[in-house]
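Trainee: Before anything else, here's the structure in question.
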Amino acid sequence: MVDLAILDEKLEEQRRTFEESNAQFRVEMTRTFKESNAQNRIAMELLFQLVNSIKLNSFKENLLNSGDYPEAEHFPTVKQ
């Protein structure tokens, strides 16, 4: 026959082990998410700078080639 006290004790031990493991996993995933989010923000900022630089260079090139400032095409910059 199964001793219910022993069974309850083992179930409680497994529950505690699971909760500890789950808490550690959440902490690790939160840290990983924050690091990844920070890296993504930096990458997006660099991308914005690159796009704006390309647009500015295209605008300047159009100015030089057009010979007439009012007729030059204006490329708006990317806004965050």
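Trainee: From the list 18, 75, 59, which residue is at pLDDT 95 or above, of a type outside the set (D, E, K, R) and within 35 Å of the chain's Cα centre (by Cα)?
Mentor: Sole residue among the options that is at pLDDT 95 or above, of a type outside the set (D, E, K, R) and within 35 Å of the chain's Cα centre (by Cα): 18.
Trainee: What pairs can you find where one residue is in the stretch 30-52 and at negative phi and touching a residue at least 24 places away in the same chain (Cβ under 8 Å), the other is of a type outside the set (A, V, I, L, M) and surrounded by 10 or more Cβ atoms within 10 Å (Cβ to Cβ), and their Cβ atoms are less than 7 Å apart, with a gap of 6+ or different chains?
Mentor: 52/77
The values are calculated or read from the model by the stated rules, or taken from the named source; none is laboratory data. Being a predicted model, the structure only gives us computed values, none of them experimental. Counting neighbours? That spans all protein chains shown, and the Cβs are built from the backbone with ideal geometry, glycine included.
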